[in-house]
Amino acid sequence: MQFSSKLIENAVGEIAKLPGIGQKTALRLVMHLLKAPEEQSEQLSKAIVKMRQDIKFCQKCHHISDEEVCNICQSPRRDGAIICVVEESQDVMAVENTAQYFGHYHVLGGVISPIEGIGPSTLKISELIHRIEKAKEEDEPIKEVILALSPTMEGDTTAFYLTKKLRAFEDLKITTIARGIPVGGELEYTDEVTLGRSIQARVSFAD
């Protein structure tokens with residue numbers, strides 16, 4: 001793609017690095033910003049910089065938050081005896097949009113993927129185990145862990161690994177969301193109705 005301006009070329013190059021955006025889409029966005037009032041571009045850049053500088057991750061569940069502990073973990077209306085384990089914060093948002101789940105979450109930060117060099121130690125698995133142990137010590141035991149991982153090979157591998165770890169806890173129910181979600185699909189892109197029904201119709205996880 002030929003550019004008449006090096007500044008435009010640089011802007012397009014940076015925006016095209018975002019997932020799902022090619023050079024043509026990046027060029028349309030750049031041209032929109034160029035035609036829009038200058039303050040719009042300034043507000044966008046300030047919002048991105050502030051997000052990067054001030055964003056936090058919940059110390060309890062590792063979900064994206066503005067505070068040290070997210071509003072979900074702080075809410076007295078949530079059932080702290082149930083933990084829904086997900087890959088990323090986008091999945092928390094997806095489940096929340098169903099309005100069918102009222103427990104807590106635990107964000108792993110990904111799934112086990114040897115090809116990409118991601119092993120169990122890379123994820124927030126030890127934090128999950130510690131969280132369950134601590135809850136038991138404080139006489140507020142976790143009663144159920146829902147494995148809401150994408151039905152991919154990596155997601156299933158992670159679920160099997162977690163199941164083996166979690167079976168060390170007596171009286172802990174381990175479930176997985178029903179497979180109303182297409183195999184190979186991403187949880188983030190599943191529609192709310194399908195995801196909501198999957199949460200409601202969760203089943204015990206079996207080897």
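Values as computed for the structure displayed
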item	result
Carbon/sulfur fraction of accessible area - segment 38-162, other protein chains in place, 1.4 Å, %	52 percent
Cα gyration tensor shape of segment 109-207, rounded if a/c is under 1.5, else prolate or oblate by comparing a/b with b/c	oblate
Most to least accessible of Leu33, Leu123 (protein chains only, probe 1.4 Å)	Leu33, Leu123
Within the chain, helix-based [θ] at 222 nm, where runs of 4 or more DSSP H residues each add -39,500 (n - 2.57), nearest 500	-13000 deg cm²/dmol
Accessible surface, per residue, of the chain when the full set of protein chains is kept, probe 1.4 Å, Å²	63 Å²
Overall form of the chain per C-alpha gyration tensor (a/c, 1.5; a/b vs b/c)	prolate
Residue order for Lys173, Lys35 - accessible surface, 1.4 angstrom probe, largest first	Lys35, Lys173
Hz values of 3J(HN,Hα) by residue in segment 147-154 - Karplus curve (6.51, -1.76, 1.60), Gly and Pro given as x	8, 9, 9, 4, x, 10, 4, 5
Cα centroid separation - segment 119-181 against segment 1-22, whole Å	42 Å
Gain upon complete extension [Tyr161, Glu188; 0.36 nm per residue less C-alpha separation]	7.5 nm
Amide H contacts under 5 Å for Tyr105, placed H, 5+ residues apart	Cys84
0 to 90° range, to nearest 10: angle between helix 125-137 axis and the chain longest Cα axis	40 degrees
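The values are calculated or read from the model by the stated rules, or taken from the named source; none is laboratory data. The model shown is predicted, which means the values in this text are computed figures rather than measured ones. Accessible surface areas use protein heavy atoms only, side chains included; no ligands, DNA or RNA. Shrake-Rupley method; radii C 1.70, N 1.55, O 1.52, S 1.80 Å.
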